1. Right, ASP42: in contact (Cβ under 8 Å) with a residue 60 or more places away in the chain and over 22 Å from ILE111 (Cβ atoms) or not?
2. Applying the selection to the range 17-41, what residues are within 9 Å of the ligand (Cβ to nearest atom), more than 14 Å from MET141 (Cα to Cα) and among the small types (Gly, Ala, Ser)?
3. For the range 24-56, which positions are buried (at least 22 other Cβ atoms within 10 Å of the Cβ), among the small types (Gly, Ala, Ser) and farther than 17 Å from LYS76 by Cα?
4. For the range 125-134, give me the residue count where each residue is within 23 Å of GLY19 (Cα to Cα) and in contact (Cβ under 8 Å) with a residue 24 or more places away in the chain.
5. Of LYS7, LYS71, which residue is over 21 Å from ALA142 (Cβ atoms) and either more than 16 Å from the ligand (Cβ to nearest atom) or without any contact (Cβ under 8 Å) to a residue 40 or more places away in the chain (or both)?
6. Considering LYS7, LYS20, LYS28, LYS51, which residue is among the basic types (Lys, Arg) and under 22 Å from GLY135 (Cβ atoms)?
7. What's the total number of residues in the range 78-122 that are within 15 Å of the ligand (Cβ to nearest atom), touching a residue at least 60 places away in the same chain (Cβ under 8 Å) and surrounded by fewer than 16 Cβ atoms within 10 Å (Cβ to Cβ)?
Amino acid sequence: MKKLENKIVFITGGNSGIGKACALAAAKEGATIAVADLPNSDYSQSMNEIKALGAECMFVPINVADVESVKNAITKTVEEYGRLDIALNNAGIAGTASGIHNMPEETWNKIIAINLTGQFYCVKYELQQFLNQGGGVIVNMA
Ligand SMILES: NC(=O)c1ccc[n+]([C@@H]2O[C@H](COP(=O)([O-])OP(=O)(O)OC[C@H]3O[C@@H](n4cnc5c(N)ncnc54)[C@H](O)[C@@H]3O)[C@@H](O)[C@H]2O)c1
């Protein structure tokens, strides 16, 4: 039996880079994947690659900096698949390289909103689902 057979895996920022690599790795292990990424994402390639591995998947639009969007994405995943077993909170941005003395306040605020507050929103509403269903696993990308 594969390691993630019958597991529902929710991955923020799952449409590219590390998140997509994790989605493909989980699909190979038999998981069902909810790829959660920005609403304007072109996700057809990711969906095709996951399906080619024989895994079930869906795209879920999310902006992790928007609490309502986070709640909706988790709700949609649970509506579709019935539960949520593993959440990989991976969405994030690098920001621009500069010293703090040169950093525009908007840059700081955007990084905090996505990389920090976004993680809080995801963990908070994932935990509520896990408490309802009796357990689950969270992995946060730093
Ligand atoms: N600590 C480190 O040294 C280090 C190094 C590399 C990456 N990372 C982190 O790992 C994660 C993945 O990085 P990556 O290299 O694969 O980057 P990437 O840019 O390839 O992927 C990030 C994904 O997050 C999505 N995303 C961005 N903002 C979002 C938002 N507000 N809501 C939902 N999705 C959003 C993007 O659309 C993209 O698909 C990021 O959080 C990044 O900060 C950390």
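1. Details: in contact (Cβ under 8 Å) with a residue 60 or more places away in the chain: no; over 22 Å from ILE111 (Cβ atoms): yes.
No.
2. Hits for the range 17-41 are ALA36, SER41.
3. ALA26, ALA27, ALA31, SER46
4. Residues in the range 125-134 being within 23 Å of GLY19 (Cα to Cα) and in contact (Cβ under 8 Å) with a residue 24 or more places away in the chain: 4 in total.
5. Matching residue, one of LYS7, LYS71: LYS7.
6. One residue alone meets the criteria, LYS7.
7. 0
A short reminder: the numbers here are calculations on the coordinates, not readings from a lab. It should be emphasised that the depicted structure is a prediction, and the values quoted were computed from it without experimental measurement. Cβ atoms come from the backbone with ideal geometry, glycine included; neighbour counts cover every protein chain shown.
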